[in-house]
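Engineer: Submitted below is the structure of interest, expressed as structure tokens.
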Amino acid sequence: MTPRTGRHFLQIPGPTNVPDQVLRAMAAPTIDHRGPEFSALTLRLLDAIKPVFGTDGPVVIYPASGTGAWEAALVNTLSPGDRVLCFETGHFATLWREMARALGLEVDGDFVAGDWRHGADPDVLAEKLAADKERAVKAVCVVHNETSTGVTSRIAEIRQAMDAADHPALLLVDTVSSLGSIDYRHDEWGVDVTVAGSQKGLMLPPGLSFNAVSRKALDASRTARLPKAFWDWQPIIEANRLGSFAYTPATNLFYGLEEALRMLAAEGLPSVYARHARHGAATRAAVRGWGLDVLCADEREASGSLTAVLVPDGHDADKVRGIILDRFDMSLGAGLGRLGGRVFRIGHLGNFNDLSLAGTLAGVQMGLELAGVPVDSGGLGAALDLMRSE
Ligand code: PLP
């Protein structure tokens, strides 16, 4: 292995690079989570996090990874045997659906199969909901940004399809790899539960996850009968009123969260979203310049937080990643599920800038060449041209 000097390039699509300011903030001593100082911090954070979700309603914070927040969204709102409509947009959508099945929800009849290159289709949703005359579907689950594919779903259009069908199902949206990176509006888009995690656009280590909750979802939680205890919103929201929790919160991650939210507010959310969109566009320019294909098939749905790159037949994406790690000390995302060995994923989200992207793409280009994948070396230049001009 080449000796390591300088910083590792952590260009997987999360966990992302944690800014030094956030690391320093988390290095402060752990304090009494029932004391006045921590309560004041909690109350500040519960307010400061709302704009990132685009909500005025409650945001529940769990000391758990995103998977926990998936479960919380389901068990708080649904009852055994409820029908849930899921779209097969990729690996994470598939895992969420499997979780719903494991919890005793009915996920087979309303499943929308997909090719892992497109987002959830609002027209298909409109048809499915129009056909559901008994209003038996209780929730629609959509992953906003499929981390396995680099494809986003158009949540505003999903909402419009639900409204056009005048269907009462709840809309549950996973923003684990889009929150704080890609424009997102929980209230405006009429989302009922937004699921998120700390380790991607929020620039924190893994360990926190979130549910933003609409009034309708909160009402549903009063009659929902799936078993729940730790994930139950009600005692948490009750305790949050006084700045406390129904369990021991992740104290030091909260220090980091306050610093990360301060950084996002200082940059301004519109600029944060524009930065990610631009880096996504520059990355796609490089991929196409190399003569390779971006997995995302519809440019409207291309992700600002990561790009999945298809390697040509006869080549192994994991071999490319291995060479890049060994030679250039850079980690890229592996192909997940059915995409194993066929794609690698470039994360361009979080604490990131033009030169971080230039370094990342230079490493990818050299790795492709070393792996014997035929590429046009003008790819990197195409990305640099885009960043220089915009
Ligand atoms: N949803 C999406 C879109 C993800 O990318 C991930 C993880 O990467 C998850 C859910 C699961 O979150 P976690 O791994 O934090 O449990």
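Engineer: Rg over Rh of region 268-389, using C-alpha atoms and the Kirkwood radius, what does it come to?
Structural biologist: My calculation puts Rg/Rh at 0.94.
Engineer: Just to verify a number: FRET efficiency for Thr30 and Ala113, C-beta to C-beta distance, R0 = 51 Å, to 0.05?
Structural biologist: It comes to 0.60.
Engineer: Turning to a different aspect of this structure: Using the alpha-carbon atoms, what tilt in degrees (0 to 90, nearest 10) does helix 155-164 show relative to the longest principal axis of the chain?
Structural biologist: 40
Engineer: Hey, how many Å between the Cα centroid of region 333-390 and the Cα centroid of region 74-88?
Structural biologist: 38
Engineer: For a 31 Å ceiling on Cα separation, which of these pairs sit above it: Lys133/Lys216; Lys50/Lys133; Lys128/Lys200?
Structural biologist: In this structure, Lys50/Lys133; Lys128/Lys200 exceed 31 Å between Cα atoms.
Engineer: Additional query: Just Thr89, Thr147, Thr30 to compare: in a GNM of the chain, with alpha carbon springs under 10 Å, which one fluctuates most?
Structural biologist: Thr30
Engineer: I'd like to check one number: the per residue accessible area of region 268-389, probe 1.4 Å, reported in Å² as a whole number.
Structural biologist: 37
Engineer: Additional query: Using only Cα atoms, tell me the angle between helix 354-370 and the longest principal axis of the chain; keep it within 0 to 90° and round to the nearest 10.
Structural biologist: Approximately 60 degrees, to the nearest ten.
Engineer: Between the helical axis of 122-131 and the dominant principal axis of the chain, each derived from Cα atoms, what acute angle in degrees is found, rounded to the nearest 10?
Structural biologist: Helix 122-131 and the main axis of the chain meet at about 30 degrees.
Engineer: Just how much of Lys50 is accessible, in Å², when a 1.4 Å probe is used and the result is rounded to the nearest 10?
Structural biologist: For Lys50, solvent-accessible area is about 40 Å².
Engineer: Then there's this: Decide, for the chain, between rounded, prolate and oblate: order the square roots of the alpha carbon gyration tensor eigenvalues as a ≥ b ≥ c, take rounded if a/c falls under 1.5, and otherwise choose prolate if a/b is larger than b/c, else oblate.
Structural biologist: The shape class here is oblate.
Engineer: In addition: What does the helix-only formula give at 222 nm for the chain: each DSSP H stretch with n ≥ 4 adding -39500 (n - 2.57), the total divided by the residues, and the result rounded to the nearest 500 deg cm²/dmol?
Structural biologist: Rounded to the nearest 500, the figure is -13000 deg cm²/dmol.
Engineer: For the chain, set up a Gaussian network in which alpha carbons nearer than 10 Å are linked by springs, and say which option among Gly68, Gly81, Gly201 fluctuates the most.
Structural biologist: Comparing Gly68, Gly81, Gly201 in the GNM, the peak value goes to Gly81.
Engineer: Share of the chain's accessible area from carbon and sulfur, percent, 1.4 Å?
Structural biologist: In the chain, the share of accessible area belonging to carbon and sulfur is 55 percent.
Engineer: In percent, what relative contact order does region 268-389 have, based on Cα pairs under 8 Å that are 6 or more apart in sequence?
Structural biologist: 33
Engineer: 7 Å from Cα along Cα→Cβ at both Glu390 and Arg338: what's the point-to-point distance in nm?
Structural biologist: 3.1
Engineer: Evaluate the relative contact order of the chain (contact order divided by residue number), counting alpha-carbon pairs under 8 angstrom at least 6 apart; express in whole percent.
Structural biologist: 23
Engineer: Something else about it: If I take R0 = 22 Å and measure r between the Cβ atoms of Glu134 and Arg225 in this structure, what FRET efficiency does the formula 1/(1 + (r/R0)^6) give, to the nearest 0.05?
Structural biologist: The computed FRET efficiency comes out at 0.70.
The values are calculated or read from the model by the stated rules, or taken from the named source; none is laboratory data. All figures in this text were calculated on a predicted structure; none of them were measured in a lab. Glycine also receives a Cβ, built like all others from the backbone with ideal geometry; neighbour counts cover every protein chain displayed. Areas reflect the complete protein model, heavy atoms only, side chains present, ligands, DNA and RNA absent. Shrake-Rupley method; radii C 1.70, N 1.55, O 1.52, S 1.80 Å.
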